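K.L.:
Following this message is one structure expressed as structure tokens.
Just so it is clear, none of the values below were taken in a lab; they were calculated from the coordinates. Just so it is clear, the model here is predicted, and its values are computed rather than measured. Quick reminder, even Gly has a Cβ in these numbers, built from the backbone with ideal geometry, and neighbours come from all protein chains shown.
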Amino acid sequence: MCGIVGYIGARDAYPILINGLKRLEYRGYDSAGVAMLQGNNIGLYKCKGKVVDLESITENNDVSGKLGIAHTRWATHGEPNDINSHPHVSNNGKLVLIHNGIIENYASLKEALIARGYTFNSETDTEVLVNLIEDVQETEKVSLEEAVRIALNQVIGAYAIAVFSLENSDHFVVAKMGSPLVVGLGNQEYFVASDATPFLEYTKKAVYLEDGEMGVIDLNEGFKVIRINDSKVVDPYVQQLQLDLAAIEKGGYEHFMLKEIYEQPKAIEDTYRGRLLPEQNLIRMAGMEEYIEKFVQADRIIIVGCGTSWHAGMVGEYLFEDLARVPVEVEYASEFRYRNPIITSKDVIIAISQSGETADTLAAIKLAKKRGATIFGICNVVGSSIARETHAGAYTHAGPEIGVASTKAFTAQVTVLAMLALKLGREKGTIPTSKYQELLWELNSIPTKIAAMLKTDSQITEISNTYKDAPNFLYLGRGYNFPVALEGALKLKEISYIHAEGYPAAEMKHGPIALIDENMPVVVIAPKNGHYEKIVSNIQEVKARSGKVIAIVSEGDTEIKSSADFTIEVPDTLEAFTPLLTTIPLQLLSYHIAVMRGCNVDQPRNLAKSVTVE
Ligand code: AGP
């Protein structure tokens, strides 16, 4: 996720800005930059890489200035490189802007600006915004703050921005919609950042802007907050921060993994933003559209990945076969690459990888590409090796995933797979219009349902405490939720070190049932619309052998509640989207058990976040 920092006051801005960027490094980024107002000039330094790389550029340059902004970029539009790094300067050289977020309608805005003579150096949506503000200011002859406000009323998407003008050394403007932004109120000095870590030692007085608000910071006039839509002045809530640095980096959560579990509503919204358009009965995915004929004509889709990404691919198999009626094979990348697979030009390979750097997955797609297949990527890191190796792709916009155990990336991957399957099914005519509309609106509702479900966390803590010392767990699921059983088992074993196995529920009779006794907790994923009667029988089989059952059930389920030892309710949804909901309690169950066992949740033993070696 991008990080923004700004300062205006009596101190030198540069040290505050650079140290502020270092405090925001945990958010994950691929480039960094800083700009200071220096009389009639702007001292602008930016580059691909880390903050230390930025410092190696600035160390022999003029970094003076009392007003400045700085940025760490997590690429969303345009790959990581020097030109795409922030800050961005407008055409007339007077405005300098940094931005965290995604502007959905940047392409149409850019087209209009080009028609009015504007030129662009980068591929970013941010450079469009800074020139839009310039265009408004030049055309309407208004103040910077009014130009920002008018421009933002033309923008669709998410942003946290800071912008200053060469023409006013006492003044800068910030604005927020969908991305975090906090203003630190010092004594005759002001700070702005994505969270409070960059300025905590200077002031603990802070205003967290609300969506749709902008802040006007002026050394002479002071700080004011106005509403973007109608310029009405807002009386801001000034709070006294109590948090320490470490806590803020994790957003107040004890671990990154828990923070990322709770970020899933936003991660899914950001992933389908600008793509899932239920009001237009439309799914827009440029990468797929470019290769739609390859998808429509495909003999089969082969999905390759590792670990959690492989589990997402397993959900993808059900989605594509159910909705688009296309044959799908899901392969462990490490097996696929070595078994001399039969691949033709009629195959579409979907490579799934959060990091975009997993060696086996990269090798698998290079092999498939060499043999003529079309390669489509689903990655969470823009410009990553796998993303660059594919013919096309669709990024998840889950933001950086710091915890080694993948959580929000998984649900974001499944969201992309659902949109791809829906789009292909629509293209092939395998989904009736009414069903298609129902599916689009239901997918649109998932973030709200996850947010509601996250409130049941305390109930899961009780279950975790009951079973935290079990030596083994069994996870059972059917249909769409069989991959969820696999994923739930992986989550538990990789962070709590308890052995766990996921199985298709019907398979239990073919062996695993021999394991069932009073010491074996069995997690059964049993939503109403997912082979319900069959899974109820499986629960009875476990209970008949004194097994302990933790059942994931649909809200209001009473039948299973009467026989299971514990039940965790999830909101109702269409069968195809149940994995997006049933996964959440399993993430929380593994998290709490791991914490209770004193495990290192964010960096489990023996594990790396990205396996870039074979
Ligand atoms: C999942 O929690 C693990 N961190 C691991 O299985 C991971 O999913 C796997 O290594 C694949 O990583 P990737 O998605 O970055 O390719």
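K.L.:
Would you mind telling me the antiparallel percentage of the DSSP bridges in the chain, rounded to 5? Before the final figure, lay out the partial values.
P.N.:
Details: 64 of 103 bridges.
If I count the DSSP bridges inside the chain, around 60 percent turn out antiparallel.
K.L.:
Go through the range 187-241 and name the chymotrypsin sites (Phe, Trp or Tyr not before Pro) that are in a DSSP coil and have 13 or fewer other Cβ atoms within 10 Å of their Cβ. Intermediate results must be reported in sequence, preceding the final value.
P.N.:
Working: sites: 190, 191, 199, 202, 208, 223, 237; in loops: 202, 237.
Here the chymotrypsin sites (Phe, Trp or Tyr not before Pro) that fit, given the DSSP loop and packing criteria, are 237.
K.L.:
Along the Cα→Cβ direction, 7 angstrom out, place labels at residue 605 and residue 465. What is the inter-label distance in nm?
P.N.:
Between residue 605 and residue 465, the simple spin-label model gives 2.6 nm.
K.L.:
Moving to a separate point now. Run the numbers for residue 574 and residue 597: contour at 0.36 nm per residue of separation, minus the present Cα-Cα distance, in nm. Please list the in-between numbers first.
P.N.:
Numbers: separation 23, 0.36 × 23 = 8.28 nm, distance 3.56 nm.
Full extension from residue 574 to residue 597 adds 4.7 nm.
K.L.:
Given 0.36 nm per residue, what is the gain on full extension from residue 371 to residue 540 after removing their alpha carbon distance, in nm? Provide the component values of the computation, followed by the final result.
P.N.:
Numbers: separation 169, 0.36 × 169 = 60.84 nm, distance 4.90 nm.
Contour length minus the Cα-Cα distance gives 55.9 nm.
K.L.:
Search the structure for amide H atoms under 5 Å from the amide H of residue 276, placed 1.01 Å from N in the peptide plane, and list their residues when 5 or more places away or on another chain.
P.N.:
Long-range HN contacts for residue 276: 284.
K.L.:
Can I ask one more? For the range 62-146, which chymotrypsin sites (Phe, Trp or Tyr not before Pro) pass both filters: DSSP loop (anything but H, G, I, E, B) and at most 16 other C-beta atoms within 10 Å?
P.N.:
Sparse-neighbourhood loop chymotrypsin sites (Phe, Trp or Tyr not before Pro): 120.
K.L.:
What 222 nm value per residue comes from the helices of the chain, counting each DSSP H run with n ≥ 4 as -39,500 (n - 2.57) and dividing by all residues, nearest 500 deg cm²/dmol? Mind dumping the intermediate values first?
P.N.:
Working: 20 runs with 219 residues, N = 614.
Result for the chain: -11000 deg cm²/dmol, rounded to the nearest 500.
K.L.:
Given R₀ = 30 Å, what would the calculated FRET efficiency be for residue 123 paired with residue 438, taking r from the Cβ atoms and rounding to 0.05?
P.N.:
The pair residue 123/residue 438 has a calculated efficiency of 0.25.
K.L.:
Next question, about the same structure. Can you list which of the trypsin sites (Lys or Arg not before Pro) found in the range 313-412 are DSSP loop residues with at most 15 other C-beta atoms within 10 Å?
P.N.:
Working: sites: 325, 337, 339, 346, 366, 369, 370, 371, 388, 408; in loops: 325, 337, 339, 346, 371.
Counting only loop positions with at most 15 other Cβ atoms within 10 Å, the trypsin sites (Lys or Arg not before Pro) in the range 313-412 are 325, 339, 346, 371.
K.L.:
Could you tell me the distance between the Cα centroids of the range 388-443 and the range 168-222, to the nearest Å?
P.N.:
About 36 Å separates the Cα centre of the range 388-443 from the one of the range 168-222.
K.L.:
Helix 433-453 against the longest principal axis of the chain: what's the angle in degrees, Cα atoms only, rounded to the nearest 10?
P.N.:
Between helix and principal axis, roughly 80 degrees.
K.L.:
Working from Cα positions, state the angle (0 to 90°, nearest 10) between the long axis of helix 532-543 and the longest principal axis of the chain.
P.N.:
Helix 532-543 and the main axis of the chain meet at about 70 degrees.
K.L.:
Something else: So if each residue of separation counts as 0.36 nm, and I subtract the Cα-Cα distance between residue 452 and residue 506, what length gain in nm does that give?
P.N.:
Numbers: separation 54, 0.36 × 54 = 19.44 nm, distance 3.09 nm.
Extra length available between residue 452 and residue 506 comes to 16.4 nm.
K.L.:
Residues of the range 507-539 with the amide nitrogen closer than 20 Å to a label point 7 Å from the Cα of residue 559, along Cα-to-Cβ, please.
P.N.:
Correct set: 507-509, 523-539.
K.L.:
To continue, here is another question. Roughly what would the spin-label model give for residue 235 and residue 61, points 7 Å off Cα along C-beta, in nm?
P.N.:
Inter-label distance under the simple model: 4.5 nm.
K.L.:
Same structure again: Residue by residue, what Karplus-based ³J(HN,Hα) values in Hz, rounded to whole numbers, does the range 210-222 have, using 6.51, -1.76 and 1.60 with θ = phi - 60° and x for Gly and Pro?
P.N.:
8, 4, x, 10, 10, x, 10, 10, 9, 4, 8, 8, x
K.L.:
Taking only Cα atoms, what is the 0 to 90° angle, nearest 10, from helix 408-428's long axis to the longest principal axis of the chain?
P.N.:
Tilt of helix 408-428: around 80 degrees.
K.L.:
Hey, fewest Cβ within 10 Å first, where do 47, 379 land in order?
P.N.:
Values: 47 19, 379 29.
In increasing order of surrounding Cβ atoms, one gets 47, 379.
K.L.:
Could you tell me the distance between the Cα centroids of the range 243-313 and the range 488-567, to the nearest Å?
P.N.:
About 28 Å separates the Cα centre of the range 243-313 from the one of the range 488-567.
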